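Report on one structure; see the data block that follows.
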Amino acid sequence: MEIILKEDISNLGYKNDLVTVKPGYARNFLIPKGKAIIATTTAKKAREEMLRQRAFKEEKIKKEAETVAKALDGKEIRIGAKAGTSGKIFGSVNALQIADAINEQLKIEVDRKNIEVDGESIKELGNYTAKVKLHKEVEAEVKFEVFAE
């Protein structure tokens, strides 16, 4: 069954994408929750017209994301955490602390939901890398060091 997504859904697609899913998934979950609509000919025509009008805006947003990605690439941030003598952190470092550190140290606003860290959270001191998704086609890698306070 073909549907048009009304919002970004991980592992399925982005807003206004035309995707094919199983009918039960569309009828029982996506459409009732308002996450998608059925891709009728009228809906497809309206989608194409809207995409034409948004193409210019999307290009501008993508260029802004690329400039932010260039500013982030190659930069290293430091995150302080309380740790024991063995190097284990009391608690963990997650996307929220990384987003706060990027905002404070690099003066770049990044949404914590767009930050992916290997293994969900960091529980030891050391150097790590996080991926920041700024646009559906633009990603940046940020290196960060977790040090003991």
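Taken together, the values in this text are just the output of simple stated rules run on the coordinates, not laboratory data. In this text, all values refer to a predicted model and were calculated from it rather than measured experimentally. A quick note on method: Cβ atoms are made from the backbone with ideal geometry, for glycine too, and the neighbour counts reach across all protein chains shown.
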Where the only charges are on Cβ atoms (+1 Lys, Arg; -1 Asp, Glu), what is the dipole of the chain about its Cα centre, to the nearest 20 debye? 680
Extension gain, residue 113 back to residue 1 (0.36 nm per residue minus Cα-Cα distance, nm): 37.3 nm
Per the Kirkwood formula on distinct C-alpha pairs, the Rh of the chain is how many angstrom? 17.9
Ordered by packing density, taken as the mean number of other Cβ atoms within 10 Å over each peptide's residues, highest first, how do 84-95, 137-148 rank? 137-148, 84-95
What's the local net charge at residue 33, with K and R +1, D and E -1, over the other residues with C-beta under 10 Å away? +1
Rounded to the nearest 20 debye, dipole of the range 2-68 from Cβ charges on Lys, Arg, Asp, Glu: 220
Picking from 39, 138, 21, whose Cα lies most toward the positive end of the charge dipole for the chain (charges on Cβ: Lys, Arg +1; Asp, Glu -1)? 39
Of 84, 121, 96, farthest towards positive along the dipole that unit charges on Lys, Arg, Asp, Glu beta carbons give the range 75-148: 84
Compute the angle between helix 41-72 and the longest alpha-carbon principal axis of the chain, please, reported from 0 to 90 degrees and rounded to the nearest 10. 20
To test your reading of the geometry: what angle, between 0 and 90 degrees and rounded to tens, separates the Cα axis of helix 95-106 from the longest principal axis of the chain? 70
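Normalising by the residue count of the range 2-68, find the relative contact order in percent from Cα pairs under 8 Å and 6+ residues apart. Write out the running numbers ahead of the final one.
Details: 57 pairs, mean separation 18.9, N = 67.
The value is 28 percent.
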Holding the Cα-Cα limit at 19 Å, pick out from 44/113; 63/143; 107/133; 57/143; 75/107 the pairs that are longer than that. 44/113; 63/143; 57/143
As a check on your grasp of the helix formula, calculate [θ] at 222 nm for the chain: sum -39500 (n - 2.57) over DSSP H runs of n ≥ 4, divide by the residue count, round to the nearest 500. -10500 deg cm²/dmol
Go ahead and run the numbers for FRET between residue 70 and residue 49, Cβ-Cβ distance against an R0 of 30 Å, rounding to 0.05. 0.35
FRET efficiency (residue 8, residue 92; Cβ distance; R0 25 Å; to 0.05) is 0.40
